[in-house]
Amino acid sequence: MIGMSDLPGQFEQIRDEILAAILPVMESGAFALGPAVGSFEKEFAAYCHSKEAVGMNSGTSGLHLALLAAGIGEGDEVITVSHTFVATVAAIRYTGATPVLIDIDPDMYLMDVSLIEGAITPKTRAIIPVHLYGQPCDMDPINEIAKRRNLLVIEDAAQSHGAEYKGRRCGSLGDMAEFSFYPGKNLGAFGEGGAVTTDNAEYAEKMRIMRHWGQSKRYHHDHPGYNYRMDGIQGAVLRVKLRYIEGWTELRRERAAWYDDLLADSPYKTPAVMPDARHVYHQYVIETDRRRELQEFLTVNGIDSGIHYPIPVHLQKTYADLGYKKGDLPVTERVVERILSLPCFPELKREEVETVVDALNKFQRL
Ligand SMILES: *Cc1c(COP(=O)(O)O)cnc(C)c1O
């Protein structure tokens, strides 16, 4: 079976370093936050070309606290896309604010920048562009609109560690940026984890207080608080993996380039990549109008695949009260019926990519 990731294989490459890094956490008992998390925060901020990083227990928690740090809550509106993992929209909801969902562009499947202005109302406070699949959104026009209309920009960079836009890293392209270290993400912890990067020291300080029960000092709960701390062990693991992320990212890009090359003359369309973007291929996606049959064919041939994501957020039952209906976001609704994510990860072998492409070509001839 060709899988969608090989986390045990990745662990084997770094086993000794990981064990050496987590041992001191266990010996010292610094399981919640602690020095490993502090060091990771500094190193991750530097990696993202950002001044601060605040470690959390998940990306979702990070997005929640980023919104709260900016004072966003009930009565406010936040613009984002429906073509994303549900967490983006859930975090807006946690604050009491209303998510306003807009469509994607049909080539890159990222936020359609031309639709932002039309979605702005006097209640709008922020825009959350989602760098889906590892490709940055077109940030210059987004930041230009935000500046002119006095809105905040919070990047959802959960899938885009190390991705770049015009030479600038994701995590430094807006006011704040949320990252996920869920095990399957490009930089994955050994469990849950997340972080928010920002150049704004005040936001960072607020998030540090809120993730740790709102304490300005121990047992003085002066602020609303949450239990959103990053584990010491995750900090230690992520510090080791951060030293490998550039190499692993280049391997992802190489595998994506193999697919691009081998599929160049095929009828499978892939999302366009902006010329000045560094796409980090959290997912390598193709479009097909026979998705269900193709996915079954791949499974029968021992090839795993994924759909990211089959039901857009605006059509999910739990968000029915937002009032969207089928037909409201036509590009999103069309794309989610057609997309299929192929195996694309650092440990994937050249022969395996060729096997996947052979199967795709065989399917075309059926
Ligand atoms: C994974 C993900 C999140 C949430 O991160 P968690 O660490 O799982 O909470 C948010 N947004 C997007 C786009 C994601 O892919």
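Observations on the structure shown:
- Subset of segment 120-155 that is open to solvent by 10 Å² or more (accessible area, probe 1.4 Å) and acidic (Asp, Glu) - its residue that is farthest from the chain's Cα centre (by Cα): Glu144
- Scanning segment 57-77 for residues that are under 13 Å from the mean Cα position of the chain (by Cα) and part of a loop (DSSP other than H, G, I, E, B) gives a single hit, Ser58.
- Selection status of Ser114, within 14 Å of the ligand (Cβ to nearest atom) and at pLDDT 95 or above: no
- Taking the numbered list (1) closer than 22 Å to Gln283 by Cα; (2) more than 16 Å from the ligand (Cβ to nearest atom); (3) open to solvent by less than 50 Å² (accessible area, probe 1.4 Å) in turn, Ser160 passes all entries but (2).
- Of all residues in segment 251-266, those that are within 12 Å of Asn361 (Cβ to Cβ) and hydrophobic (A, V, I, L, M, F, W, C) have Cβ atoms under 8 Å from Cβ atoms of residues that are in a helix (DSSP H, G or I) and open to solvent by 50 Å² or more (accessible area, probe 1.4 Å), 6 or more apart or on another chain, in Leu262/Glu354.
- Failed condition for Trp258, given (1) open to solvent by 40 Å² or more (accessible area, probe 1.4 Å); (2) touching a helix residue (DSSP H, G or I) at 6+ places or on another chain (Cβ under 6 Å); (3) farther than 27 Å from Ala158 by Cα: (3)
- Of the listed requirements (1) outside any helix (DSSP H, G or I); (2) farther than 20 Å from Val280 by Cβ; (3) touching a Gly at 6+ places or on another chain (Cβ under 8 Å), Gly235 misses just one: (1).
- Here the condition is being more than 17 Å from Gly34 (Cβ to Cβ), part of a loop (DSSP other than H, G, I, E, B) and within 16 Å of the ligand (Cβ to nearest atom); of Lys241, Lys185, it holds for Lys185 alone.
- Which listed residue, of Leu101, Leu67, Leu63, is over 22 Å from Tyr182 (Cβ atoms) and of a type outside the set (Lys, Arg): Leu101
- With respect to (1) more than 21 Å from Cys344 (Cβ to Cβ); (2) away from the ligand (no atom under 16 Å from the Cβ); (3) open to solvent by less than 60 Å² (accessible area, probe 1.4 Å), the lone exception for Pro312 is condition (2).
- On inspection, Gly214 does not qualify as closer than 22 Å to Thr84 by Cα and among the small types (Gly, Ala, Ser).
For (1) open to solvent by less than 20 Å² (accessible area, probe 1.4 Å); (2) within 16 Å of the ligand (Cβ to nearest atom), each residue gets a yes or a no:
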site: Leu7; (1), (2): no, yes
site: Glu27; (1), (2): no, no
site: Glu43; (1), (2): no, no
site: Val54; (1), (2): yes, yes
site: Asp76; (1), (2): no, no
site: Leu110; (1), (2): yes, yes
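- Scanning segment 283-309 for residues that are over 18 Å from Gly134 (Cα atoms), assigned to a loop (DSSP other than H, G, I, E, B) and open to solvent by less than 40 Å² (accessible area, probe 1.4 Å) turns up Thr288, Gly302.
- Residue list for segment 6-64, restricted to those being of a type in the set (Phe, Trp, Tyr) and out of contact with any Phe, Trp or Tyr (no Cβ under 9 Å at 6 or more places or on another chain): Phe31, Phe40, Tyr47
- Yes/no for Val100 being of a type in the set (Val, Ile, Thr) and within 16 Å of the ligand (Cβ to nearest atom): no
- In segment 78-94, the residues that are assigned to a loop (DSSP other than H, G, I, E, B) form Cβ pairs under 8 Å with partners that are small (Gly, Ala, Ser), at six or more places apart or across chains, as follows: Phe85/Ala158.
- Selection within segment 188-232 - of a type in the set (Asp, Glu), more than 16 Å from the ligand (Cβ to nearest atom) and in a loop (DSSP other than H, G, I, E, B): Asp199, Asp222
The values are calculated or read from the model by the stated rules, or taken from the named source; none is laboratory data. Just so we're clear, the structure is a prediction, and the values are computed from it rather than from any experiment. Reconstructed Cβ throughout: ideal geometry from the backbone, glycine too, with neighbour counts over all protein chains shown. These accessible areas exclude ligands, DNA and RNA; they are computed on the full protein's heavy atoms, side chains included. Shrake-Rupley method; radii C 1.70, N 1.55, O 1.52, S 1.80 Å.
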